[in-house]
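This report refers to the structure that appears directly beneath it.
The values are calculated or read from the model by the stated rules, or taken from the named source; none is laboratory data. Nothing here was measured: the structure is a model prediction, and the numbers come from that model. Don't worry about glycine lacking a Cβ; one is built from the backbone with ideal geometry, like all the others, and counts go over all protein chains shown.
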Amino acid sequence: MSEVTVRKQKIKKDTVRIRLILFGSLALLLLLCSIFSDYLTPYDPYLQDLGNAKAPPSAAHLFGTDRYGRDMLSRVIVGSRTSIYSTLLLVGIVTALGTAVGVFCGWHGKWIDTVLMRISDMFLAFPGLVFAMAVAGVLGGGLQNAIIALAAISWPKYARIARSQTLAQKETPWLKAALLSGSGTWKILFKHVLPNIIGPILVTSMLDIGTMMMELAGLSFLGLGAKPPTAEWGSMMSDTRSLLTTRPWVTLAPGFAIFVSVMIFNLLGDTIRDYADPKSRRR
Amino acid sequence: MDELLRYDHVDISYNGVQVVKDLSFVVSPGEILGIVGESGSGKSTLIKAAMGLLGSSGLVTRGDIWYKGKNLPDLSPAELRRLNGPELAMIFQYAGSSFCPIRTVGAQLYESMTEHEAISREQFRACAGSLLEKLGFEDPGRILASYPFELSGGMQQRIGIAAAMLLNPGVLFADEPTSALDVSVQKQVVEEMLLVRRTFGTAIVLVTHNIGVIGAMADKVLVMRNGETVEYGETGQVLNRPREAYTRLLMSAVPRLRR
Amino acid sequence: MEPVLKVSDLTKVFTGRGHADLTAVDHISFELHSGECLGLIGESGSGKTTVVNMITRLLDASGGSILLDGRDITRVRGKELRMAYRKMQMVFQTPADSFDPRRTLGDGIGESLRNLGLSREETKKEVARLLTECGLTPDFAGRYPHEVSGGQCQRAAIARALSVKPRLLICDEATSSLDVTIQKEIVALLNELRSQRGGELSILFICHDIALVQQFCDRVLVMYRGRIVEQGIPDAIIRDPGDAYTRRLIDSIL
């Protein structure tokens, strides 16, 4: 009779909570930074100092200065307000609009569903950014119009997710039970359907913050978003792109800011997705 | 009595949580062992351990599973893969979903066979045809040319068994093979498995919560609860004259038809 | 005496897109009397779930009529349908899914009571009483579906169904996904509740296990391919099945 073998098991730690706290606080930091940007800037971001234009990074100007001698660090910090605020606003609008349409279609079904879904198909059939450019072009430049343009091309994705989730909810026993309990449509939608489908939708919107920020920056870069002298990361890159070869920091500073914030929101979105997955939440 | 498969004081844990505790049993060639237990008793985990299907978080933390002189938990994934098929085979609760939906049954059986043996399509067709015939299928050619969705649930399950028998394994592990089926079909699948044992002398480890299926098939029964053995013995004794209180409780709860 | 449920010529045809229409339920008629427990057995695809969905009006019938307590509910909608749900309740197959995962069991059980206009306090008291009646303790009201076992969840589901004091309780494979020992407990609970209510509660018991139907039901309907092929007292049918399908079904029991 041989001895009984004993094997050691490696136990995987659950990192979701730690990641959630880490990325959540980073995102919060970014938000606070944009809210209090006025107080954080070392210099007036709009103050021109032509004598000190295009200065390389130094102790006085960490990110250097642009062609008008404005402090790049201050401009990046102030730009965070425009960039992050407008992105969050955009994502908020799109999520709310798309979800409302999707839930309505999924619940009601029939011809309304068909009509609204074909309309969303039409929006999806256009190449997104090109369409947004066209819309922004027609409406004229400006941050507000850029947001409208991007909202117009982005809602169908949310409508589709919300619709398919609602359809899935309609088949669950608990929803049938709620119907049998004599609850009305609105009560069921707000008490049972919405709370159960909001998870995947929120995750999508978190992951979209990065994309939207880039697209807004893209439109601004093309001159269809924020107008100078407003500090906005995309338009700052656009203004300074001719300096990329000779004075790279002027272009790279806002680029780096976009990179970092997109990264933080993407990682946060990923983490929230893991957290929302009931399997990872099992105690 | 010679032994084919031996579980020796086996503990299994998932991520540090023990689900099977100190379990031992022996399966002889051609024997049918029924493992019964309620949900969460660890009965499926047992056979997953032999097949190397515990996944990244599961491990046989203590004990050995001996098959023909090889200790299965200590084999490398590659060695285990070589055994899966020709020596150890498995059928699942939903055999239908273990087939790829867009390819014919024949193509998939051929592929699984060429993984282990160099064989031409003609040889395969002859061999699969004769196997299906032995197992009582009518028109094997049509079955091999069918897509999985063209077959009924019961037929898919029987094909799953036939597929597992292609390489003539020593042990067939069956995880709730009849639980998703209607009673009338259930009986066909039970008869199919009995035919497999008669024809090929294959040992079967049958995991199920269905006492009726156990009674109709098994030589020995192992009753499990919370990962531990409650009772282990000859089928007639365990089902009709259970020694343990839990087995008695289990037996009395099974609805039986008064004819 | 008026039957609690009278189903006449009930039919469901699923109109196919690009393929032939499927008649899932084909002109079935039956009655369920006050205090009776009627079993409905059949294999998957026999149409028993479709029958239930039509009776509970989760699915519209293609033809025929459904009378609940003498009222025709075949086409009722809105408020009238909600009134019908006060007389008819259902227990589902999968206990874990029959409560909203984001709400407590108490919330689920109390939903109909709140809809009936009971105050928060009254609802809480009544939920506690119902839970106790179904063999749980009042503190289960604060638990979430994933925190309780399948059997406990099914008890809570029965409590929810009984909250409106229905005349008809439909159990759609309510014990099928449970372990046998738990199944036995749930059937015992249903039996107890029925005898307590002395003929006030009728049960339509959908099941694929004929042995369980024999133990529990007064009468049984056997469905096969959308039709009722046999009906009668379970013992009599099992001893002497009159239909080829029923015979095959009984012969297959291991």
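Some notes on this structure:
- Taking the numbered list (1) within 14 Å of chain B (Cβ to nearest Cβ); (2) in a loop (DSSP other than H, G, I, E, B) in turn, C:ILE186 passes all entries but (2).
- The one condition in (1) within 14 Å of another protein chain (Cβ to nearest Cβ); (2) among the β-branched types (Val, Ile, Thr); (3) surrounded by fewer than 22 Cβ atoms within 10 Å (Cβ to Cβ) that C:THR175 fails to fulfil: (3)
- Among the strands (runs of 3 or more DSSP E) confined to region B:158-259, the ones with at least 1 residues that are under 30 Å from B:GLN123 (Cβ atoms) are located at B:171-175, B:203-208.
- Residue in region C:32-40 that is small (Gly, Ala, Ser), more than 14 Å from chain B (Cβ to nearest Cβ) and over 26 Å from C:ALA156 (Cβ atoms) present: yes
For every residue, the table says whether it meets (1) without any contact (Cβ under 8 Å) to a residue 12 or more places away in the chain; (2) closer than 30 Å to C:LEU162 by Cα; (3) touching a strand residue (DSSP E or B) at 6+ places or on another chain (Cβ under 6 Å).
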{"residue": "A:THR95", "(1), (2), (3)": "no, no, no"}
{"residue": "A:THR99", "(1), (2), (3)": "no, no, no"}
{"residue": "A:PHE131", "(1), (2), (3)": "no, no, no"}
{"residue": "A:GLY140", "(1), (2), (3)": "yes, no, no"}
{"residue": "A:PRO173", "(1), (2), (3)": "yes, yes, no"}
{"residue": "A:ALA177", "(1), (2), (3)": "yes, yes, no"}
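- Selection count where residues are farther than 12 Å from A:GLY141 by Cβ and surrounded by 24 or more Cβ atoms within 10 Å (Cβ to Cβ), scope region A:216-231: 3
- Of the listed requirements (1) at the interface with another protein chain (Cβ under 9 Å from one of its Cβ atoms); (2) over 30 Å from C:TYR245 (Cβ atoms); (3) in contact with a Pro (Cβ under 8 Å, 6 or more places away or on another chain), C:PHE92 misses just one: (2).
- Count of residues meeting criterion [over 21 Å from B:ALA162 (Cβ atoms) and either within 14 Å of another protein chain (Cβ to nearest Cβ) or over 19 Å from the mean Cα position of the chain (by Cα) (or both)] in region B:53-98: 24
- In summary, helices (runs of 4 or more DSSP H) completely within region A:117-207 and bearing 2 or more residues that are surrounded by fewer than 20 Cβ atoms within 10 Å (Cβ to Cβ), more than 11 Å from chain C (Cβ to nearest Cβ) and modelled with pLDDT of 85 or more occur at A:143-170.
- Considering residues of region A:5-44 that are aromatic (Phe, Trp, Tyr) and not in a loop (DSSP other than H, G, I, E, B) only, the residue nearest to the other protein chains (Cβ to nearest Cβ): A:PHE23
- Hits in region A:45-55 - residues which are in a helix (DSSP H, G or I) and of a type outside the set (Gly, Ala, Ser): A:LEU50, A:ASN52
- Of the helices (runs of 4 or more DSSP H) entirely within region C:36-136, those holding at least 1 residues that are farther than 25 Å from C:CYS207 by Cα occupy C:78-84, C:105-115, C:120-133.
- Candidates in region B:53-67 are the residues that are in a loop (DSSP other than H, G, I, E, B) and touching a helix residue (DSSP H, G or I) at 6+ places or on another chain (Cβ under 9 Å); of these, the one that is surrounded by the most Cβ atoms within 10 Å (Cβ to Cβ) is B:LEU54.
- Hits in region B:24-52 (condition: of a type in the set (Ser, Thr, Tyr) and either buried (at least 17 other Cβ atoms within 10 Å of the Cβ) or touching a helix residue (DSSP H, G or I) at 6+ places or on another chain (Cβ under 7 Å) (or both)): B:SER41, B:SER44, B:THR45
- Residue selection: B:SER146 fails the criterion of being surrounded by fewer than 19 Cβ atoms within 10 Å (Cβ to Cβ), within 14 Å of chain C (Cβ to nearest Cβ), part of a loop (DSSP other than H, G, I, E, B) and touching a residue at least 24 places away in the same chain (Cβ under 8 Å).
- Number of residues in region C:189-234 that are more than 14 Å from chain B (Cβ to nearest Cβ), within 27 Å of C:ALA24 (Cα to Cα) and of a type in the set (Lys, Arg) equals 2.
- Taking strands (runs of 3 or more DSSP E) as the structural unit, those lying wholly within region C:199-253 and holding at least 3 residues that are of a type outside the set (A, V, I, L, M, F, W, C) correspond to C:227-232.
- Search result, residues across region C:137-151 that are outside any loop (DSSP other than H, G, I, E, B), under 17 Å from C:SER98 (Cα atoms) and without any contact (Cβ under 8 Å) to a residue 40 or more places away in the chain: C:PHE140, C:ALA141, C:GLY142, C:GLU147
- Selected residue [outside the structural domain of C:LEU10 (by TED's automatic domain parsing) and over 27 Å from C:ILE182 (Cα atoms)] from C:GLY63, C:GLY117, C:GLY108, C:GLY70: C:GLY117
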